[in-house]
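See structure below.
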Amino acid sequence: MTAAAIFIWAVVAVLAVFVWRRAGTAGLTGAGRDALGTGRMLAFRLPFALLAASFLVQVVPVAALSHVIGPASGLLGIVLAGLIGGLLPGGPMTSFPIAIVFLQGGAGIPQMVALIAGWSVFALHRMLAYEAPIMGWRFVGLRLASCAVLPVLAGLIAEAILLAFGLGDLQLL
């Protein structure tokens, strides 16, 4: 078991104690029912998302794209990855498998940090479907202007951390 899994289980145990003290076994049962429902949804969707990402490898020239956002692409690669992240469709079920495909294709870790940050901050699909119609284009423009640098900063900070701790050759997958 990894350290991350141990940490998550410890947090779950602490939260379970809090729920039990506040709502008793009914609270634990309700939480378990909610978790089971979410688990069923993920069990159905995740294999399809991973399969779609694998198909994407066959369609998109990942190797060529990974040169553009590879470890040696530097600041330009980080900026491009952040912009590409903003164009990724859908939620985490599609975006994270796509990021995995890019990593396996040779993309750099700081660039993938920028890609996920760009997906989080820009999310063109969400902006067009929800944000602009509800909040208006002035708000969208203000938010984009104030947040535009965040994916780049995230990628640069990730690169600085990797260099500071001598983790330049870190393999995540």
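Structural remarks
- Pairwise centroid distance, computed over Cα atoms, of the stretch 52-103 with the stretch 114-128, Å: 13 Å
- Value of relative contact order over the stretch 60-164, rounded to a whole percent, pairs C-alpha under 8 Å and six or more apart: 33 percent
- Selection from Ala3, Leu50, Ala31 lying farthest towards where the dipole of the chain points positive, charges on Cβ: Ala31
- Radius of gyration and maximum dimension Dmax of the stretch 60-164, Cα, Å: 13.9, 44
- The length gained by stretching the chain between Thr2 and Thr29 to full extension, at 0.36 nm per residue less their Cα-Cα distance, is 7.0 nm.
- Residues Leu144, Leu76, arranged from fewest to most other Cβ atoms within 10 angstrom of their Cβ, appear as Leu76, Leu144.
- Taking the fewest neighbouring Cβ atoms within 10 Å as the starting point, the ordered list for Val113, Val140 is Val140, Val113.
- Cβ-based exposure ranking for Phe139, Phe96, in which fewest neighbours within 10 Å come first: Phe139, Phe96
- Placing unit charges on the Cβ atoms of the charged side chains and taking the dipole of the chain about its Cα centre, the candidate lying farthest along the positive direction among Ala107, Ile78, Pro97 is Pro97.
- Distance distribution P(r), the stretch 1-47, all Cα-Cα pairs, bin width 10 angstrom from 0: 25, 37, 33, 4 percent.
- Extended-chain gain in nm, criterion 0.36 nm per residue less alpha-carbon gap, Leu51 and Ala164: 37.1 nm
- Residues Ala43 and Arg22, FRET efficiency given R0 of 30 Å [Cβ-Cβ distance, rounded to 0.05]: 0.55
- Site pair Ala10 and Arg138 shows an inter-label distance of 4.9 nm when each label is modelled 7 Å from Cα along Cα→Cβ.
Every read-out reported here was derived from the displayed coordinates using simple, explicitly stated rules and does not represent laboratory data. Because the structure is a prediction, the values reported are computed rather than measured. As a convention, Cβ positions derive from the backbone with ideal geometry for all residues, glycine included, and neighbour counts pool all protein chains shown.
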